[in-house]
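Written below as structure tokens is the structure these notes are about.
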Amino acid sequence: MAKHISVKGVVQGVGFRPFVYGLATRLNLHGWVCNTSGGVEILVEGQNCQLEEFIQLLTMEKPPLAKIDSVEVEDASPAASPVFEIRESESVEGAYQPISADVAICPDCERELFNPKDKRYLYPFINCTNCGPRFTIIKDIPYDRPNTTMAEFLMCDHCRSEYLNPLDRRFHAQPIACPDCGPIVELREIHSHFSTSVPRISSIEIRLSAILKARRLLREGSILAIKGLGGFHLACDASNPYAVAELRNRKGRVDKPFAVMAANITAVASVCNLLREEHLLLAGHEKPIVLLTRRKQTGSLTNSVSELVAPNLDTLGVMLPYTPLHHLLLNQTDPMLAREPVPAILVMTSGNYSEEPIAIDNKDALERLSPLADAFLLHNRDIHIRSDDSIVKVDGGSTAYLRRSRGYAPYPVKLPFEVKPILAVGGELKNTFCLTRDHYAFLSHHIGDMENAETYASFEQGVQQLAHIFRIECDVIAHDLHPNYFTTLFARSSKLDVPRVGVQHHHAHIASCMADNGLDDRRLIGLSFDGTGYGTDGAIWGGEVLLASYADFERFAHLEYLPLPGGDSAIRSPWRIAAGYAHALGIDVDDLPFLQNIDKQALRIVRQQIDRKLNTPLTSSMGRLFDAVASLIGIRNDVSYEAQAAIEMEVLSKPFILSAKPYPYAIDETGNGTNIHLKELLTAIIEDVRAHEAIGKISARFHKTVAEIAIDICKRARASTGSNEVALSGGVWQNQILLDLVRDGLKRKDFIVYFHKQVPTNDGGIALGQAVIANFSYDVRELAPATTDGKPSDSKLIR
Ligand SMILES: [Zn+2]
Ligand SMILES: [Zn+2]
Ligand SMILES: [Zn+2]
């Protein structure tokens, strides 16, 4: 008897073939196993009962990193092979498969790394089939060494023998390396011609010199650019306020929090409270940045994380070392390394200036980061695809993604329906794009805020790389409705001769949440609470209650339109929004503390802009309402990063939230659609400010009011449509207090509530929504392809 088995899913670069080899040998089966660009193919022959057992154990005992999507078994004619063998990989025309994300160093390699008797003792590029770089070094499929950036390193005899031995942990570990044949590190100091480059054949003392020097520089307060897995980091001692302040200064980053990397869990626990789920997330093989609650400082404790790392916040983004190089930088116990003690917690922020993409290659890094870093810790293993650190937090018992990138991308979101090949280009901020085919939506790594040419170039390159790796030639390009987004311009000017589909931003959010939850097409209530999104009427939407399916949506209710003086630039000055809303609603705020330090002329201009309707778009944005209230009650008048005022308001409201009562509000169903009016709410808040109520208490009451409005509107939508399901999506739901209040409140009223599980609720998730909407709403025959001048002749508007 013989069977031919095709396995699809993430089955390459994860030790799948040696596992198959071991299993077949154990069961006395003959035949072969082979990687193709479509997955793994197996031919097994032997006794029937052994074949049955083989097929069963194939999924039951699969290696930890393998993700099997399908196993197809067919009868085959016996190959009369006398043994079981692993065959060379085959490239199959047009075939593709999901590829593994990068994996943090595994416990076995970590043990070897710190074992003085091991060949790879303190070698910064140790890896095996269960760990190491994957996505970031892959140039093509099938995933074999010649298709990675490791191709240029010739394996030594020792590595080759491990690579070829099916019983070895490094069998076909494509990035396999050792001190004799693999990549090396180098330390370069700026303003000094001294470079600690490391001769290949050398004693460990010499090999370690760059790392020891880096540890010393960090201890002494220097800022280092360190080449990592998916790009460069800028690092400094997190406990040193001068170093952190200097890093902020050089990076042009005023208040936006920095992430830190801690040597181990003990170091994390010394500064943050740790739930069990948070501990698991920190220690898992994806090693994201986890948002944790900071411990309250007691007087006697020395502070190992400066306040300047995350000003005005009660949380800290923390990760553990995920490459061997990180371990060597932060290790506190190894006797060789301990000669240069190093702080147990380092700031580890992306290696870029302001919002540019992170640097990935040495030359680019040396050019762009020289004004930012005192020294560079470089290595010569190239990064092919940029991948920033992912950011997650624990939401109840599950994981919420704030940025889904290294360790997760490009694992696909599996859809419950088949999709056309589509490119969805995403939004403007926190951009990711999405490519679909079959049942897969490949949501890209984090691209960033599309505010400069570098990020745009990184976006174009990313699209090209992923489309190539997954062999996707798209039939449609989906984009946001905003006419001036870089991504819209990309969609318009693409040379691809395919139709474009414009998708409304908040519809995309809700569809993203539906697809994220594996829902079939249906109509449900969507609460899209967000910062900014272009509406079908040209206004700036963001406080939207939609009745949405994949193909279509209807606007059931929204926050009333109010003027945004100066347009997008008001986002940086919440006081303008507050003063503008008050002026438009006829509420007098001149006596309030928040206006006391505002230039009178600037205030006059804001009011004139509104009266004369000059550069003053209308907005129904929920994010802007949070900004306005935060400013009105005195939290801050200007922000230096997105949602700063709202985030600080959330922090302040925490102690008061349990006892807080909602403010009055008004919902008007008489006019053209349902409007949520804000005059009553803002007037009541202002009365509390005048009565010198605590800012935290007012903040808490405001959160309660928004939650009450959300639940009230859902009940009205249910009464009018019969739909009992609610999807929550949009950046505002990163506010955990609001999310908990609304989700729990809706469940108490017997709603079924969907929230994101695999992709971010912020704009990092909208490409997924754009893709599924384009899939459902679009028919190839309906639309003409783009005209030769690059403009779409018929860009379909989804309303
Ligand atoms: Zn390993
Ligand atoms: Zn070697
Ligand atoms: Zn959005």
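Observations, loosely collected:
- Pairs of Cα atoms nearer than 8 Å and 6+ residues apart set the relative contact order; for the chain it is 11 percent.
- Förster radius 45 Å - calculated FRET efficiency between Val254 and Glu52, Cβ distance, rounded to 0.05: 0.10
- Counted residue by residue at 0.36 nm each, then reduced by the alpha carbon distance between them, the extension gain from His439 to Asp590 reaches 48.6 nm.
- Of interest is the spacing of the C-alpha centroids, which for the range 410-444 and the range 520-565 amounts to 22 Å.
- Using 0.36 nm per residue and subtracting the Cα-Cα separation, the extra length available between Ser720 and Ala666 on full extension is 17.6 nm.
- Gyration tensor verdict on the range 198-342 (Cα atoms; rounded if a/c is under 1.5, prolate if a/b is larger than b/c, oblate otherwise): prolate
- When peptides 235-244, 585-594 are ranked by their average number of other Cβ atoms within 10 Å per residue, the highest-first order is 235-244, 585-594.
- Neighbourhood charge, 15 Å Cβ-Cβ cut-off, centred on Ile686 and excluding it, Lys, Arg +1 and Asp, Glu -1: -3
- Remark: spin-label model distance Lys613-Ser493 equals 3.3 nm, labels positioned 7 Å along the Cα→Cβ axis.
- Other residues lying with their Cβ under 12 Å from the Cβ of Ile472 contribute a combined charge of 0, Lys and Arg counting +1, Asp and Glu -1.
- From most to least packed by mean Cβ count within 10 Å, the peptides 106-114, 8-16 give 8-16, 106-114.
- Distance between the modelled labels on Glu61 and Ile752, one decimal in nanometres: 3.9 nm (7 Å Cα→Cβ projection).
- Environment charge at Gln56 (Cβ cut-off 14 Å; Lys +1, Arg +1, Asp -1, Glu -1): 0
- Global geometry of the chain, whether rounded, prolate or oblate, following the gyration tensor of its Cα atoms and the 1.5 cut on a/c: oblate
- Listed pairs Lys697/Lys749; Lys227/Lys363; Lys213/Lys251; Lys139/Lys495 exceeding 19 Å between Cα atoms: Lys697/Lys749; Lys213/Lys251; Lys139/Lys495
- Whole-Å distance, taken between Cα centres, linking the range 474-515 and the range 63-112: 35
- Rounded to the nearest 5, the antiparallel percentage of DSSP beta bridges internal to the chain is 70%.
- Nearby aspartates and glutamates by direct alpha-carbon distance to Lys393 (threshold 13 angstrom, same-chain neighbours under 8 apart not counted): Glu277, Glu278
- Spin-label zone in the range 225-247 - amide nitrogen under 11 Å from a point set 7 Å from the Cα of Glu186 along the C-beta vector: none
- Residue-span extension gain [Asp108 to Arg522] - 0.36 nm each, minus C-alpha spacing: 144.3 nm
- Every helix of 4 or more DSSP H residues in the chain counts as -39500 (n - 2.57), and over all residues that averages to -9500 deg cm²/dmol at 222 nm.
- Pair Asp744, Asp140: separation of 7 Å Cα→Cβ label points (nm): 5.6
- Cβ-Cβ FRET estimate between Ala151 and Glu680, R0 fixed at 60 Å, reported to 0.05: 0.35
- Orphan Cys of the chain, criterion: no other Cys C-beta under 4.7 Å: Cys34, Cys49, Cys109, Cys128, Cys159, Cys178, Cys236, Cys272, Cys434, Cys474, Cys513, Cys714
- Shape call, the range 62-203: gyration tensor on alpha carbons, a/c limit 1.5: prolate
- Computed about the Cα centre, the dipole magnitude for the chain is approximately 1380 debye when only Lys and Arg (+1) and Asp and Glu (-1) carry charge, each at its Cβ.
- Here the calculated FRET efficiency for Ile605 and Glu85, from their Cβ-Cβ distance with R0 = 56 Å, stands at 0.10, rounded to the nearest 0.05.
- Unit Cα scatterers, Debye sum, the range 660-771: log10 I(q)/I(0) for q = 0.14, 0.15, 0.16 Å⁻¹: -0.69, -0.78, -0.88
Where a number appears in this text, it was derived from the coordinates with a stated rule and is not lab data. No experiment lies behind these values; they were computed from the predicted model shown. Virtual Cβ from ideal backbone geometry, glycine too; neighbours counted across all protein chains shown.
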